[in-house]
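First the structure, in the form of structure tokens, and then the observations on it.
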Amino acid sequence: MRLLLIEDDDRIAGPLTEGLGRYGFTVDHVRTGAAGLADTVVAPDLVLLDLGLPDMDGLDVCRGLRARSAVPIIMITARGEEADRIVGLELGADDYLAKPFGVRELIARIRAVTRRAGAPAYAPAGMPESPGVPASAPGAHSLGPLTVNRRTREVHLDAHPVALTPREFDLLAYLAEDPGTVHSRQQIMDTVWDPHFFGPTKTLDAHVAALRRKLGDPGWITTARGVGFRLTVPDGRGGEAGG
């Protein structure tokens with residue numbers, strides 16, 4: 001598995017690269033955000049992103065990576081504020097790890113993220129969009145103009161592709177399996193993340209907010225106050241659920 005480590009502190013990057021190498025990972029290390037976003041970087045299977053970079057904010061790097069790719073991103077941060085982590089998750093990061101941390105913990109996070117992501121391919125900038133997927137395609141669930149295809153991990157709205165992070169896709173696909181049903185916050189966290197997940201308390205809310213924004217209407221995911229969330233067709237969109 002090939003990792004891209006974007007970290008300016010060699011005191012962290014050196015031992016981390018060596019430690020990951022012992023577990024069979026190939027690590028490409030760059031020290032700046034610009035280098036991490038460069039087209040010359042070999043396509044990684046996962047990105048380890050430090051938020052405190054010398055040339056640009058790591059959150060901007062996360063935004064740039066997500067604009068061109070669905071590659072899983074784990075933020076590595078010394079920032080203690082929950083707000084920074086929430087923003088990173090909203091921008092498309094899949095997980096975060098606070099410094100200091102051990103290599104074994106990082107590897108556990110890498111394995112968990114890639115397992116949930118289904119090892120999506122890294123799409124270079126300028127890659128053409130996929131054509132619309134019909135609602136009748138194998139593995140597809142449809143709700144009005146929205147189609148979620150678990151087999152291809154693609155989402156289409158009004159026959160146009162919707163770019164989601166791996167975790168955003170998993171969340172939407174879970175809700176799409178039984179549209180209209182209220183799923184409790186705990187059910188969602190146990191299924192889309194895992195029963196032993198620990199992280200920001202607003203992680204789920206951040207991902208729901210990101211999905212609402214990308215679907216163009218907050219009505220797609222409604223809140224059952226004090227319980228959880230459900231997937232519905234916004235007023236005026238029409239359509240029936242299918243599977």
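Readers should treat all values here as calculations from the given coordinates under stated rules, not as data from a laboratory. Computed from a predicted model, the values in this text were never measured in an experiment. Here Cβ is always computed from backbone atoms with ideal geometry, including for glycine, and neighbour counts include all displayed protein chains.
Relative contact order (percent) for the stretch 1-97, with alpha-carbon contacts under 8 angstrom and 6 or more residues of separation?
26 percent
When only DSSP loop residues count, what GluC sites (Glu not before Pro) in the stretch 45-115 have their Cβ near at most 15 other Cβ atoms within 10 Å?
Working: sites: Glu81, Glu82, Glu90, Glu105; in loops: Glu81.
Qualifying residues, ordered by number: Glu81.
What's the extension gain from Gln187 to Arg151 if we count 0.36 nm per residue and subtract their Cα-Cα distance?
10.7 nm
Given labels modelled 7 Å from the Cα in the Cβ direction, how far is it in nm from Lys99 to Asp10?
1.6 nm
Starting from the Cα of Asp55, move 7 Å in the Cα-to-Cβ direction to define the label point; list residues of the stretch 15-33 whose amide nitrogen is under 18 Å from there.
28-33
Want the number for Arg22 to Thr223: 0.36 nm per residue separation, take away the alpha-carbon distance, what's left? Mind showing how you got there, number by number?
Numbers: separation 201, 0.36 × 201 = 72.36 nm, distance 4.54 nm.
Gain on extension, Arg22 to Thr223, equals 67.8 nm.
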